[in-house]
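Taken together, the values in this text are just the output of simple stated rules run on the coordinates, not laboratory data. Everything quoted here is computed from the prediction, not taken from an experiment. Methodologically, a virtual Cβ is constructed for each residue, glycine included, from the backbone with ideal geometry; neighbour enumeration extends over all protein chains shown.
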Ligand SMILES: Cc1cc2nc3c(=O)[nH]c(=O)nc-3n(C[C@H](O)[C@H](O)[C@H](O)COP(=O)(O)OP(=O)(O)OC[C@H]3O[C@@H](n4cnc5c(N)ncnc54)[C@H](O)[C@@H]3O)c2cc1C
């Protein structure tokens, strides 16, 4: 194998390149990325960068060692199709990048509302999105966030800290029900009210009011929330449309095995675009978690190069964190519908506790902590040791 092409120049793409060199691949590496920026970190976009406490330079992912990776960066160019038979990635403006193997790391994008919308309405996935939103979050601005998932909740938290008037709208009765369940979702939902943001649950967006510029959000229950700025935080979808016709199995992401191998030899997928089998859950999951995008590439590269690779056991356990209103929320494992929650330490109402998710056999399969990083870390490792 002489030439490996990575599509997607972000966290998983950069981790792939580093893993290729760490695992002694000495051939050519090309990285194709459609953003105009060098790889940067996304979590601060809804936190410190949005708050103005870190700069664009601070959130860059590359460091001085990366200059020695010997990579050809094709930045600001979109991969338009993958010719698996002809072994090439075809760029949007025509050229073909011939290659022996491809690692797909195209991530996900913010889900958009259908149709166009007036000025003042934002989504948040990229640095450009964050720049545009940041300029509008001035003290006193009335912000309505549609969707109280993790990113919506973080934006609400950051905006409240900047002195904005914040309303957050959630269609479900309780936020974060899918990842955390109703009981713990409600605990996280209460953080909004305790920190001066108004959560409107069980109601959805009916209409954005305003012609050139947004003025209000009309809700499905008939109420109207005045708005200077609106953020639509209704989830993300994998960037896989460009792979149509490639022969890959696509199903809410590119289907892979635990090592990132797709159904086509020499094509792997990692990070947010990959819908990967996991032993931990005995099923397929597409994770949109920073830690997965960082860790998954080493195993994928080993599979591609035929190297031995033994990842630490806790890498198999899904993990994410979120920062809201000065609280560090951490979750590891996988909640299933039959789980019950057991408070292990602290008190959920104090915003400082650790809870276990027990399956129907009373075995811990997940752990949630707010502001309890140390015991959380211990439980995260214990989960990895389960039979
Ligand atoms: C605002 C925000 C806050 C977050 N906070 C947290 C957090 O607190 N905790 C946590 O665990 N996770 C968090 N995440 C999620 C985490 O950032 C992602 O899991 C991670 O960025 C995924 O990395 P990735 O490289 O797989 O995909 P991405 O970072 O999405 O990168 C994919 C890259 O590929 C490019 N691309 C797509 N299609 C093409 C194409 N056809 N040709 C060329 N390039 C293409 C994209 O433009 C992008 O640059 C957050 C995400 C966001 C947006």
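Between the helical axis of 11-22 and the longest alpha-carbon principal axis of the chain there is an angle of about 30 degrees.
Note on region 326-384: the alpha carbon radius of gyration divided by the globular reference 2.2 N^0.38 Å gives 1.04.
Mean silhouette area of the chain, derived from the convex hull of its C-alpha atoms and averaged over all directions, reads 19.5 nm².
Entry note, region 112-232: relative contact order of 32 percent, from Cα contacts under 8 Å with a spacing of 6+ residues.
Dividing the C-alpha radius of gyration of region 256-387 by 2.2 N^0.38 Å, with N its residue count, gives 1.14. Packing here is the average count of other Cβ atoms within 10 Å per residue, and on that basis the peptides 16-26, 107-117, highest first, run 16-26, 107-117. Taking packing as the residue-averaged number of other Cβ atoms within 10 angstrom, the listed peptides 140-148, 68-76 run from highest to lowest as 140-148, 68-76. Per-peptide packing, taken as the mean over residues of other Cβ atoms within 10 Å, places 250-261, 216-227, 118-129 in the sequence 250-261, 118-129, 216-227 from highest down. Rg of the Cα atoms in region 53-110, relative to 2.2 N^0.38 Å, amounts to 1.45.
If one computes P(r) from the Cα atoms of region 1-110, what percent of pairs lie at distances over 18 Å? So the pairs more than 18 Å apart make up 51 percent of the total in region 1-110.
List the relative contact order of the chain as a percent without decimals, with contacts defined as Cα pairs under 8 Å and 6+ residues apart. Computed value for the chain: 14 percent relative contact order.
Between helix 150-161 and the chain there is an angle of about 50 degrees, using the helix long axis and the longest principal axis of the Cα atoms. The spread of Cα positions in region 112-232, taken along each principal axis and listed from longest to shortest, comes to 40, 29, 25 Å. Note on the chain: helix-only mean residue ellipticity at 222 nm, from DSSP H runs of 4+ residues weighted -39500 (n - 2.57) and normalised by residue number, equals -6500 deg cm²/dmol.
On C-alpha positions alone, give me the angle between the axis of helix 290-305 and the longest principal axis of the chain, in degrees, nearest 10. Rounded to the nearest ten degrees, it is 10.
When 287, 14, 50 are sorted by how many other C-beta atoms sit within 10 angstrom of their C-beta, beginning with the fewest, the order is 287, 50, 14.
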